[in-house]
Amino acid sequence: PEGTQVEVQAGETLRMDAAGHTLRTADEASTEAAAEPAEETSEAEVPARLAPARRATRRPPPRPDREAPSDWRRLASEGHYAEAARVARARGLPALRERLDAAGLLQLADVSRLGGAPAEARQTLAALESRFPRSREARAALFRRGRMAADAGNHAAAIAHFDRYVAAGPGGPRAAQAEGRALESAARLGRPTETRARRYLARHPEGPYRALAERLLAE
């Protein structure tokens, strides 16, 4: 009605109709806020003390694609010569022959020989003699090459290796065997044996090839 005063609170809106009547409405800001849907609170916004505890999961370490190859020396020490020779071959024999010292080369040759690879053993022994010609291992290589040649029926090569072994020093640890096997190979080839037999008996009167030397002299 005309002359009537209407008190309006801060934040409220006063509206009038066509007849001049006053329509008092609520706070529009509150009304709009009530109409808006409540925002969902993400899990990340929840305080840590209210968030459900999560169990830490430990992932197992990745497994290698394959086991590391076994060491050929260890296999040889356990008597697995064929497997040791295979592992050494896989690692690269030429590289091993260039890298190993004299003792290592002699061991590698024995692994190949006992593992059924005589050709590889001969090549390793040749490399040993070439790289360390004055070493005691090189002299041992001469005896091994002579024995391998004799076992393979190559008696001419066996005599050459055994004679070289003896020439390096008659007092070697295998001198009696080297001279005796050279004598045996000479007999198999039909070569003269008298000089070898007499020398053998003079140097090794109780040697393992004494009976052979005496028999050859008696013929």
query = Once phi is turned into θ = phi - 60°, what whole-Hz ³J(HN,Hα) does the Karplus curve with 6.51, -1.76 and 1.60 give for every residue of the stretch 114-125, x standing for Gly and Pro?
reply = 6, x, x, 10, x, 5, 5, 5, 4, 5, 5, 5
task = Compute the Cα gyration tensor for the stretch 122-168, then decide on rounded, prolate or oblate, letting a ≥ b ≥ c be the square roots of its eigenvalues: rounded whenever a/c is under 1.5, prolate when a/b is larger than b/c in the other cases, and oblate in all that remain.
result = oblate
Using distinct alpha-carbon pairs, which all enter the 1/r mean, Kirkwood radius of the stretch 69-159 in Å = 13.0 Å
query = For the stretch 77-219, what is the largest minus smallest coordinate of the Cα atoms on each principal axis, given in angstrom and ordered from greatest to least?
reply = 53, 27, 26
9 Å beta-carbon shell around TYR81, net charge (K/R +1, D/E -1) = -1
ask   = So what are the ³J(HN,Hα) numbers for the stretch 71-81, from phi and the Karplus equation (6.51, -1.76, 1.60; θ = phi - 60°), rounded to whole Hz, Gly and Pro as x?
value = 7, 5, 5, 5, 4, 5, 5, 8, x, 8, 5
inquiry  = Heavy atoms of the protein only, probe of 1.4 Å, neighbouring chains included. What is the accessible area of ASP71 in Å², nearest 10?
reply    = 60 Å²
inquiry  = Using a 1.4 Å probe on the protein heavy atoms only, what accessible surface does SER135 show? Give it in Å² to the nearest 10.
reply    = 30 Å²
key: Ratio Rg/Rh [Cα only; Rh per Kirkwood] for the stretch 134-207   = 0.95
remark   = Calc'd 3J(HN,Hα), the stretch 208-219, phi into Karplus 6.51 cos²θ - 1.76 cosθ + 1.60 (θ = phi - 60°), Hz, glycine/Pro = x, comes to x, 10, 4, 4, 5, 4, 5, 5, 5, 6, 7, 6
note = Here the relative contact order (percent) of the stretch 158-219, from C-alpha pairs under 8 Å and at least 6 apart, is 31 percent
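The values are calculated or read from the model by the stated rules, or taken from the named source; none is laboratory data. Here the structure is a predicted model, which means the values were calculated and not measured. Note that we place each Cβ from the backbone using ideal geometry, even for glycine, and neighbour counts take in every protein chain shown. Just the protein is used for accessible areas: all its heavy atoms, side chains included, with ligands, DNA and RNA removed. Shrake-Rupley method; radii C 1.70, N 1.55, O 1.52, S 1.80 Å.
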